[in-house]
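To start, the structure under review is shown below, and the notes come after it.
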Amino acid sequence: MSGLPVQKPSTISSTENTQIKGRDIPIDYLRSCVIVLVVFLHAAIAYTTFSTFNAARYFESSAPIVDSVRWPFLDLFVLFFDTFFMPLLFFVSGLFTFHSLDRKGSRGFFTARLRRLGIPFLVGAVLIAPLAFLPSYLASTPESQTPYLLRFFTSDGWPVGPPWFLWMLLLFNGIVALAYRFAPDALARLRKPPTALAIFLVMIASFLALGLFIPTYYWISLGPFDFQPARLGLYFASFLLGMAAGTGQQWRTAGWPRHWGLWLGLGLFSFFVYIALFIEAVRLPGPAHLVAVGVTYATSCAGASLGFLGAFRKLVRRPRPIFEGVSDNSYGIYLIHYPFVLWIQFFLLAVVWPAWAKFGVAFVGALALSWGTSASIRRIPAVRRIL
């Protein structure tokens, strides 16, 4: 979601032909794919078997809208996507960071990041979030009669939804901007591209540092600043790994990372082992069980991330018209899809349809509406410069 540097298109190799008009096409399409998966997850979670709704305190529910009909088939997709797509977004966001720092300096870099991330976060937290969570409030039976907006920004804790990623990415950018200004020698140690194995191992270790002690799916909300403490180290490490990878050229080649199919297979295999351990279909003695849960979760995340990186670098050779629209509007889709998802789910609560049909309408409808809305508002020059 960060801006991409201007690159000279090459007429030499098919790999370099994926980098045209200042864009890295495989990375653009990978980012867009992950954002579509975000919409998928938010559309699906209302119909998973593990979702719960707290009618008295809607903001403490596992999902803002939870339907009475469920589709167990969605459970595995939601849980698998949840392991890797946010670390992968942080990794991709870090790829061009050193280039921007070197070109703009720490102050210019952070000013640009503040405009690119801070303004959308404020819009998301102040305008979009109340609209998004209103269906959840309407579906609840609140304990007090305080007006919704007053409750939302005060006693209900100001839930923010997907824009949490923006403030955290801005925080990471601020940290590296400060390091670039005041501790350049320390930051310079990142200017060494890591191998795929190093990325794999660091992602696992960075998750285990906190994930062994904090529940994986636990959230902390400090006003609109939501985050998952168990994954905080993983997210920051993923961003730094992206920065380090971006200093080299190997990640731009069609063969990187090598054996991406095996990495993806390892991620999938580890995920199923993780699920078996998480639901205690397999139980190990003592602390070994907790360690195994953490290791398999982190291995699934790291393997799937490398697998998706390799798949898009290998398989995407040229722009495709069908993907260009999603790519151009992916940031806007991420920012504004949540109200569409939740309002569609809310209106479908009273409809007697199977869960798979409701999910399909919520996913396709929210994706189409947020895509169209993004394309419309991006016609405004000021908006287009940000989104």
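Just so you know, all these numbers are worked out from the coordinates, no wet-lab data involved. Fair warning: this is a prediction, and the values are worked out from it, not measured in the lab. Counting neighbours? That spans all protein chains shown, and the Cβs are built from the backbone with ideal geometry, glycine included.
Between Trp167, Trp219, Trp343, find the one with the highest GNM mean-square fluctuation for the chain; connect C-alpha pairs within less than 10 Å.
Most flexible of the set in this elastic network: Trp219.
What size of dipole, in debye to the nearest 20, comes out for the chain about its Cα centre when the only charges are +1 on Lys and Arg C-beta atoms and -1 on Asp and Glu C-beta atoms?
Details: 31 positive and 15 negative charges, 322 e Å.
Using only the charged Cβ atoms, the result is roughly 1540 debye.
Quote the convex hull volume per residue of segment 289-369, based on C-alpha atoms, as a whole number of Å³.
Numbers: hull volume 13.4 nm³, N = 81.
Roughly 166 Å³ of hull volume per residue.
Connecting C-alpha atoms closer than 10 Å in a GNM of the chain, tell me which of Phe363, Phe272, Phe308 has the biggest fluctuation.
Sorting by GNM fluctuation, first place goes to Phe272.
What angle, in degrees between 0 and 90 and rounded to the nearest 10, separates the Cα long axis of helix 97-113 from the longest principal axis of the Cα atoms of the chain?
With rounding to tens, the tilt is 40 degrees.
Along segment 37-51, what does the Karplus equation 6.51 cos²θ - 1.76 cosθ + 1.60 (θ = phi - 60°) give for ³J(HN,Hα), rounded to whole Hz, x for Gly and Pro?
Those phi angles translate into 5, 4, 4, 4, 4, 5, 6, 7, 5, 6, 10, 7, 6, 9, 6 Hz.
Sticking with the crude label model, points 7 Å out along Cα→Cβ, report the distance from Arg385 to Leu76 in nm, one decimal please.
4.9 nm
Could you give the distance between the Cα centres of segment 277-341 and segment 180-195, to the whole Å?
27 Å
For His259 and Ala375 in one chain, what is 0.36 nm times their gap in residues minus the Cα-Cα distance, to one decimal in nm?
Details: separation 116, 0.36 × 116 = 41.76 nm, distance 3.70 nm.
That works out to 38.1 nm of additional length.
What fraction, in whole percent, of alpha-carbon pairs in the chain exceed 40 Å separation? Spell out each step's value before the answer.
On the way: 9978 of 74691 pairs.
So the pairs more than 40 Å apart make up 13 percent of the total in the chain.
Please list, in chain and number order, the residues 5+ apart from Arg23 or on another chain whose amide H is under 5 Å from its amide H, with Hs placed from the backbone.
Placed amide hydrogens put Gln7 under 5 Å from Arg23.
Any idea how far apart Phe272 and Ile119 come out in nm if each label point goes 7 Å out from Cα toward Cβ?
4.8 nm
Work from the charge dipole of the chain (Cβ charges, +1 for Lys and Arg, -1 for Asp and Glu, about the Cα centre) and give the residue of Phe98, Ser305, Gln345 farthest towards its positive end.
Of Phe98, Ser305, Gln345, it is Phe98.
Report, in deg cm²/dmol and to the nearest 500, the calculated mean residue ellipticity at 222 nm for the chain, where each DSSP H run with n ≥ 4 adds -39500 (n - 2.57) and the sum is divided by the residue count.
Numbers: 16 runs with 237 residues, N = 387.
Mean residue ellipticity, 222 nm, calculated: -20000 deg cm²/dmol.
Quote to one decimal, in nm, the extra length available between Lys104 and Arg318 on full extension: 0.36 nm per residue of separation minus the C-alpha distance between them. Display every interim value, and only then the final one.
Details: separation 214, 0.36 × 214 = 77.04 nm, distance 2.97 nm.
Contour length minus the Cα-Cα distance gives 74.1 nm.
Given the peptides 345-354, 238-247, arrange them by the average over their residues of other C-beta atoms within 10 Å, most packed first. Before the final figure, lay out each step's value.
Working: 345-354: 14.8, 238-247: 24.3.
Descending mean neighbour count gives 238-247, 345-354.
Along the positive direction of the dipole of segment 16-384 (beta-carbon charges: Lys, Arg +1; Asp, Glu -1; about the Cα centre), which of Val202, Ala186, Ser32 reaches farthest?
Highest projection toward the positive end goes to Ala186.
I need the peptides 332-340, 77-85, 188-196 ranked by packing, meaning the mean over residues of other C-beta atoms within 10 angstrom, with the highest value on top.
Numbers: 332-340: 25.6, 77-85: 20.2, 188-196: 15.0.
For the peptides 332-340, 77-85, 188-196, the packing ranking is 332-340, 77-85, 188-196.
In segment 16-384, how many lysine pairs have Cα atoms under 29 Å apart, counting only pairs 8 or more places apart or on different chains? Each step should come with its number before you reach the end.
Numbers: Lys21/Lys104; Lys21/Lys192; Lys21/Lys314; Lys104/Lys192; Lys192/Lys314.
Final tally of qualifying lysine pairs is 5.
Neighbour counts of other C-beta atoms within 10 Å: give me Leu117, Leu171 arranged from fewest to most. Could the numbers behind the result be given before it?
Numbers: Leu117 26, Leu171 15.
Fewest-to-most ranking of Leu117, Leu171: Leu171, Leu117.
Most exposed first by the Cβ proxy, i.e. fewest other Cβ within 10 Å, how do Ile65, Ile25 rank? Write down the numbers at each step before the final one.
Working: Ile65 27, Ile25 22.
Taking fewest neighbouring Cβ atoms as first place, the list is Ile25, Ile65.
Sort segment 230-387 into rounded, prolate or oblate with this rule: let a ≥ b ≥ c be the square roots of the eigenvalues of the Cα gyration tensor; rounded if a/c is under 1.5, and if a/c is not under 1.5, prolate when a/b is larger than b/c, oblate otherwise. It would help to have the intermediate numbers written out before the result.
Working: a/c = 2.09, a/b = 1.21, b/c = 1.73.
The shape class here is oblate.
Can you pull a Stokes-Einstein diffusion coefficient for segment 113-246 at 20 °C (1.002 mPa s), Rh from Kirkwood over Cα pairs, as a whole number of µm²/s? It would help to have the intermediate numbers written out before the result.
Working: Rh = 17.1 Å.
Calculated translational D: 125 µm²/s.
Mind checking the angle between helix 73-94 and the chain's longest principal axis? C-alpha axes, 0 to 90 degrees, to the nearest 10.
For 73-94 against the chain, the angle is about 40 degrees.
Restricting to Cα pairs below 8 Å that are 6+ residues apart, what does the relative contact order work out to for the chain? Please round to a whole percent. Let's see the in-between values first.
Values: 571 pairs, mean separation 96.4, N = 387.
Relative contact order here is 25 percent.
Cut-off is 10 Å between beta-carbons; in what order do Thr141, Thr111, Thr154, Thr97 appear when sorted fewest neighbours first?
Numbers: Thr141 7, Thr111 14, Thr154 11, Thr97 25.
Fewest to most other Cβ atoms nearby, the residues stand as Thr141, Thr154, Thr111, Thr97.
Above 17 Å lies some portion of the pair distances; for segment 76-149, what is it as a whole percent of all C-alpha pairs? Show your work: numbers first, answer last.
Working: 1831 of 2701 pairs.
Value for segment 76-149: 68 percent of Cα pairs lie more than 17 Å apart.
Assuming a ≥ b ≥ c are the square roots of the Cα gyration tensor eigenvalues, decide whether segment 190-274 counts as rounded (a/c under 1.5), prolate (otherwise, with a/b larger than b/c) or oblate. Intermediate results must be reported in sequence, preceding the final value.
Values: a/c = 2.53, a/b = 1.47, b/c = 1.72.
Verdict is oblate for segment 190-274.
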